[in-house]
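First the structure, in the form of structure tokens, and then the observations on it.
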Amino acid sequence: MPLAARRLQSGYDRSPLVARVLKIYFHDACFDGTTSAALFAAFYRDVIDQSVEVRPVGMVHKDGDPFVGIPLDADDHACVDFRFCADPRMTWWFDHHPTAFQPTTLRDVFDAKHLATWFFDPTAPSCAGLMARSLQQGWGWRPPPHLLDAVEWADTIDAAQFGSAEEAVALELPAQRLAAWLAHGRSPVDTARYVDWLSRSSLAEVAQRADVVPQLAAVEAERAVEVEAIQRLGVWAGQVIVFDRFAEVGARSPGFLGYLLFPRCQYAVTGTRTATSIKISVGVNPWSEHPRMHDIGAMCARHGGGGHAVVGGVTLGADELPRAQATLAAIVEELQR
């Protein structure tokens with residue numbers, strides 16, 4: 001066992017009659033976020049404590065501190081594919097979002113303390129990939145084959161490394177169907193269960209679960225309806241295609257489907273709304289012939305959100321519709337400059 005693992009494990013001695021509790025805070029309803037959480041759960045059981053009780057906690061980006069009101073009350077805590085948390089109880093942290101430090105002064109905390117269990121690489125295609133490399137280098141742990149497959153898919157999906165929009169929206173393979181399923185408004189209970197399943201089983205095995213099969217079928221059935229709705233909704237603003245779905249509570253962002261149906265766009269901006277939140281999603285068309293002129297993550301961060309250079313978002317409260325409408329309009333205007 002590598003020295004780093006021995007040192008950590010020595011501090012976790014506990015009566016075998018009482019299982020330790022590990023909470024993993026992860027980017028909710030996201031293929032990379034859930035894969036990262038599953039990866040860490042498997043690592044922790046293999047290297048730190050095989051009898052640990054893992055409790056995944058889905059996190060949502062929002063204006064201000066997203067950890068306010070979120071209890072850190074377990075024996076150990078990890079945060080993956082989500083903003084930096086300076087609380088000393090957050091032992092582990094992995095992220096690849098350039099906007100991970102909000103406010104930006106948190107970067108000073110990270111640089112000053114820089115624990116051996118904190119990892120940040122904004123050049124990594126996915127957080128899961130960053131984790132797989134870091135955990136192997138620091139603890140000699142190599143993920144099992146089923147998780148290596150999920151990590152490869154996380155790299156592809158999160159960095160939009162598809163050959164075409166048609167390939168990006170395909171629902172032929174288990175990873176593609178599960179990614180679409182996660183994006184279709186899963187509940188925190190759904191995603192927490194999915195993290196546990198994926199930590200122990202392959203994507204194909206998860207997709208074949210009796211309780212998942214009908215949900216995947218429903219996602220595929222909804223695709224045809226969504227295509228018609230997105231085609232009707234798209235409004236041009238220069239090279240920006242805008243999908244204003246604020247009036248349809250529960251409607252989803254089209255994601256890559258927007259680029260398939262409006263291939264000439266350079267950027268896509270979508271406003272969606274649920275009973276608990278409002279979100280503005282912004283992205284660069286990966287297959288556009290025009291060069292990117294804006295840092296989307298930095299733009300979203302100025303409005304209380306964040307993301308990467310080519311994709312980002314802003315999440316607001318359900319009662320902030322006027323602000324959301326103004327934010328969407330401001331982003332669309334800035335993208336046209």
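The values are calculated or read from the model by the stated rules, or taken from the named source; none is laboratory data. Nothing here was measured: the structure is a model prediction, and the numbers come from that model. Quick reminder, even Gly has a Cβ in these numbers, built from the backbone with ideal geometry, and neighbours come from all protein chains shown. For the accessible areas, the whole protein counts, side chains as well, though only heavy atoms, and no ligand, DNA or RNA atoms are used. Shrake-Rupley method; radii C 1.70, N 1.55, O 1.52, S 1.80 Å.
Residue check: is residue 113 open to solvent by 30 Å² or more (accessible area, probe 1.4 Å) and more than 24 Å from residue 188 (Cα to Cα)? Steps first, please.
Working: open to solvent by 30 Å² or more (accessible area, probe 1.4 Å): yes; more than 24 Å from residue 188 (Cα to Cα): yes.
Here the answer is yes, as residue 113 does meet what is asked.
Would you please name the residue that is most open to solvent (accessible area, probe 1.4 Å), looking only at residues in segment 276-294 that are in a strand (DSSP E or B) and of a type in the set (A, V, I, L, M, F, W, C)?
So in segment 276-294, the residues in a strand (DSSP E or B) come out as 277-284.
Right, trim to of a type in the set (A, V, I, L, M, F, W, C) and you get 278, 280, 282, 284.
Values: 278: 0, 280: 0, 282: 3, 284: 21 Å².
If we take residues in segment 276-294 being in a strand (DSSP E or B) and of a type in the set (A, V, I, L, M, F, W, C), then 284 is most open to solvent (accessible area, probe 1.4 Å).
Would you mention how many residues in segment 295-314 are of a type in the set (Val, Ile, Thr) and either modelled with pLDDT under 95 or open to solvent by less than 10 Å² (accessible area, probe 1.4 Å) (or both)? Steps first, answer last, please.
Keep residues of segment 295-314 that are of a type in the set (Val, Ile, Thr), which gives 296, 310-311, 314.
Retained after the next criterion (residues that are either modelled with pLDDT under 95 or open to solvent by less than 10 Å² (accessible area, probe 1.4 Å) (or both)): 296, 314.
Matching residues across segment 295-314 total 2.
Considering segment 116-149 alone, what residues qualify as being within 20 Å of the chain's Cα centre (by Cα) and either surrounded by fewer than 13 Cβ atoms within 10 Å (Cβ to Cβ) or more than 20 Å from residue 34 (Cα to Cα) (or both)?
Passing the criteria: only 123.
Restricting the search to segment 28-67, which residues are among the acidic types (Asp, Glu), crowded, with 18+ Cβ neighbours inside 10 Å and more than 13 Å from residue 79 (Cβ to Cβ)? Steps first, answer last, please.
Here is the first cut: in segment 28-67, the residues among the acidic types (Asp, Glu) are 28, 32, 46, 49, 53, 63, 65.
In the following step, the residues that additionally are crowded, with 18+ Cβ neighbours inside 10 Å were identified as 28, 32, 49.
Matches in segment 28-67: 32, 49.
Somewhere in segment 150-166, is a residue touching a Cys at 6+ places or on another chain (Cβ under 9 Å), acidic (Asp, Glu), closer than 23 Å to residue 97 by Cβ and surrounded by 18 or more Cβ atoms within 10 Å (Cβ to Cβ)?
Yes, segment 150-166 has at least one match.
Okay, residues lined up against (1) of a type in the set (Asp, Glu); (2) farther than 18 Å from residue 300 by Cα:
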| residue | (1), (2) |
| --- | --- |
| 222 | yes, yes |
| 226 | yes, yes |
| 240 | no, no |
| 275 | no, yes |
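Which helices (runs of 4 or more DSSP H) does segment 168-275 wholly contain that include 2 or more residues that are among the charged types (D, E, K, R) and open to solvent by 20 Å² or more (accessible area, probe 1.4 Å)? So that I can check it myself, show each step before the final result.
Working: elements: 174-183, 188-200, 203-207, 213-233, 256-261.
Fully inside segment 168-275 and qualifying: 188-200, 213-233.
For residue 152, all conditions in the list (1) out of contact with any Pro (no Cβ under 8 Å at 6 or more places or on another chain); (2) over 16 Å from residue 129 (Cβ atoms); (3) free of Cβ contacts under 8 Å to residues at least 40 places away in the same chain; (4) part of a helix (DSSP H, G or I) hold save one; what is the number of the exception?
So residue 152 meets the others, but not (2).
Looking only at residues that are aliphatic (A, V, I, L, M) and either open to solvent by 10 Å² or more (accessible area, probe 1.4 Å) or closer than 15 Å to residue 82 by Cβ (or both) in segment 3-27, which one is modelled with the lowest pLDDT? Spell out how you get there, then give the answer.
Pass one, segment 3-27, residues aliphatic (A, V, I, L, M): 3-5, 8, 17-19, 21-22, 24.
Filter once more, keeping what is either open to solvent by 10 Å² or more (accessible area, probe 1.4 Å) or closer than 15 Å to residue 82 by Cβ (or both): 3-4, 8, 17-19, 21, 24.
Numbers: 3: 40, 4: 53, 8: 58, 17: 66, 18: 78, 19: 90, 21: 98, 24: 98.
That would be 3.
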